[in-house]
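Written out below as structure tokens is the structure these notes cover.
The values are calculated or read from the model by the stated rules, or taken from the named source; none is laboratory data. Keep in mind that this is a model prediction, so the values were computed, not measured. All Cβ positions, even for glycine, are placed from backbone atoms using ideal geometry, and neighbour counts span all protein chains on display. Just the protein is used for accessible areas: all its heavy atoms, side chains included, with ligands, DNA and RNA removed. Shrake-Rupley method; radii C 1.70, N 1.55, O 1.52, S 1.80 Å.
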Amino acid sequence: MGEPPGGETPNSELVASYGKLLRLVRSGQAQTRPALSEWTGLGRTAVTQRITTLLNAGLLEEGELNPSTGGRQARTLRFRKDAGRILTAELGATSFIAGITDLAGTVLAVAHCDCDIAAGPENVLDEVEATLDKLWSEHGEEDLGIWGVGLGLPGPVEFATGRPSEPPIMPGWNNYPVRDRLGAKYRAPVWVDNEVNLLCLGELRDPAARGHEHGGDLLYVKIGTGIGAGISNGGSLHRGAQGCAGDIGHAAVADEGPAGEVVCRCGKTGCLEALAGGSALARDGEELARTGQSEALARVLAETGRITAADVTAAARSGDHQAVRLLVAAGKRIGSMLATMVNFYNPSTILLGGKIAGAGDLFLATIRETIYRRSLPLSTRELRIDKARLGEEGGLIGAAHMVLDELFDPEFFARWLPDGSPAGRPELLAAV
């Protein structure tokens, strides 16, 4: 691309202004040069120079003329969302979903695969790469290039390095160089985060969800095999100092009695996940089936030889009293933990996602009632508690926006702006 117009070098202040102009156009807040000048306070000449650079770099394109308001008609600007593609994947405990998105975070292709995260990083990432390769061969466009890869893992991730950090349900993954492996494979920058953070980010950034105002102070809770939370503050993810904020599944909720002796997969006892997560429901449901306390679950055990959390929720929906009792108990434990977070963090919205969150109205009603009963009145006065809106693709949308946020961060943006694209340059992350 060469130097920006006017002989300016891409210093930090200049690159920040490029990034701001791009954000305004990408978000739809300002889509003409006069509007950009008004929003940024830059003179029209400066705006024109910077827009010319972004047009030459292939990041923006000219659109149609706006209707005249008495002066010269202003031509609209559009972000070139099809200038490149992003590869994404969200891994869970027993399966993963992979996809391709454009540069606006829109999912263009998706695939599902059953896969046990405990099989270890080599086996699991082999499956992920094979799935992404198949998607790319069927839906990719080589001339566009892969601008980045975003991956979500079901455990703590040190965001700065993209390495899992002693994840409780992921044996063999600790400190595994996930970013380095995928970067070498796809020749593109890679970012890795906890899957719940990406689900939270997807809800924050997806255009279809923006009509539901939450002020950016969102708490996303995934209730599946495990339990985790994504936290946003003012529209930005709060990852914590080492990237493990929101790991509520391993907070202790029982210290005494039988519940306090239940061993969690993390090795500790009395954790919320060990008492109220999907694995806990399956374990306790199987006990009900073996002792004959639940006829519905006993029939399932006789037919299949095992009980899953889905079997418990199905039995509860059919009216099985003991299965209902398990769900209500789990809902109360989860609600109590979330009430503590509401009192501490005061979110405007709580979104509940994950397979167990779809257990039915009684389960969600129990969580809601417990939160409202155990929280301070002021903290719940305008609190909204809803089901997650994006469904299974939410993690892919979040993964894409994680990549986009990092690509257009001023410091990183400066590294690839002169070339017009980060595709083919995984080494860009070396200096991050």
field: Criterion: crowded, with 22+ Cβ neighbours inside 10 Å and either charged (D, E, K, R) or assigned to a loop (DSSP other than H, G, I, E, B) (or both) - qualifying residue of Gly155, Gly150, Gly172
entry: Gly155
field: Pick from the range 267-318, criterion under 18 Å from Gly360 (Cα atoms) and over 28 Å from the mean Cα position of the chain (by Cα), ranking: most open to solvent (accessible area, probe 1.4 Å)
entry: Arg317
Residue match in the range 264-272 (condition: modelled with pLDDT of 90 or more, under 21 Å from Val342 (Cα atoms) and touching a helix residue (DSSP H, G or I) at 6+ places or on another chain (Cβ under 6 Å)): yes
- prompt: Name the residues in the range 238-255 that are of a type outside the set (Asp, Glu) and touching a residue at least 60 places away in the same chain (Cβ under 8 Å), would you?
  reply: Arg239, Gln242, Gly243, Cys244, Ile248, His250, Ala251, Val253
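For the range 105-143, how many residues meet the condition of being part of a loop (DSSP other than H, G, I, E, B) and open to solvent by less than 30 Å² (accessible area, probe 1.4 Å)? Full working, then the answer.
Initial filter on the range 105-143 (part of a loop (DSSP other than H, G, I, E, B)): 105-106, 115-116, 120, 140-143.
Imposing the further condition that a residue be open to solvent by less than 30 Å² (accessible area, probe 1.4 Å) reduces the set to 105, 115, 120, 140.
Residues flagged as part of a loop (DSSP other than H, G, I, E, B) and open to solvent by less than 30 Å² (accessible area, probe 1.4 Å) within the range 105-143 amount to 4.
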- prompt: Has the range 213-231 got at least one residue that is within 30 Å of Val149 (Cβ to Cβ) and hydroxyl-bearing (Ser, Thr, Tyr)?
  reply: yes
- prompt: Within the range 342-432, which helices (runs of 4 or more DSSP H) (wholly inside it) include 2 or more residues that are over 18 Å from Ala330 (Cβ atoms), open to solvent by less than 10 Å² (accessible area, probe 1.4 Å) and not small (Gly, Ala, Ser)?
  reply: 394-407, 410-416
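For residues that are β-branched (Val, Ile, Thr) and touching a strand residue (DSSP E or B) at 6+ places or on another chain (Cβ under 8 Å), scanning just the range 113-172, find the one that is nearest to Ser421 (Cα to Cα). Give the derivation first.
Filtering the range 113-172 down to residues β-branched (Val, Ile, Thr) leaves 117, 124, 128, 131, 146, 149, 157, 161, 169.
Pick out the ones that are also touching a strand residue (DSSP E or B) at 6+ places or on another chain (Cβ under 8 Å) and you get 117, 124, 128, 131, 146, 149, 157.
Working: Ile117: 33, Val124: 29, Val128: 25, Thr131: 25, Ile146: 9, Val149: 14, Val157: 27 Å.
So, considering only residues that are β-branched (Val, Ile, Thr) and touching a strand residue (DSSP E or B) at 6+ places or on another chain (Cβ under 8 Å), the one nearest to Ser421 (Cα to Cα) is Ile146.
Condition check ((1) among the acidic types (Asp, Glu); (2) surrounded by 15 or more Cβ atoms within 10 Å (Cβ to Cβ)) across all residues:
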| position | (1), (2) |
| --- | --- |
| Leu182 | no, yes |
| Pro189 | no, yes |
| Cys200 | no, yes |
| Glu203 | yes, yes |
| Gly230 | no, yes |
| Gly240 | no, no |
| Ala254 | no, yes |
| Pro258 | no, no |
| Arg265 | no, yes |
- request: Give the range 181-201 a look and list any residue that's assigned to a helix (DSSP H, G or I) and either among the hydrophobic types (A, V, I, L, M, F, W, C) or farther than 25 Å from Gly230 by Cα (or both), or say none.
  value: Arg181, Leu182, Gly183, Ala184, Lys185, Tyr186, Val196, Leu198, Leu199, Cys200, Leu201
task: Under 8 Å between Cβ atoms, at least 6 apart or on separate chains: pull out the pairs that start in the range 105-131 with a residue that is among the small types (Gly, Ala, Ser) and end on any residue that is at pLDDT 95 or above and part of a strand (DSSP E or B).
output: Gly105/Ile86; Ala109/Gly99; Ala109/Ile100; Ala111/Ile97; Ala111/Ala98; Ala111/Gly99
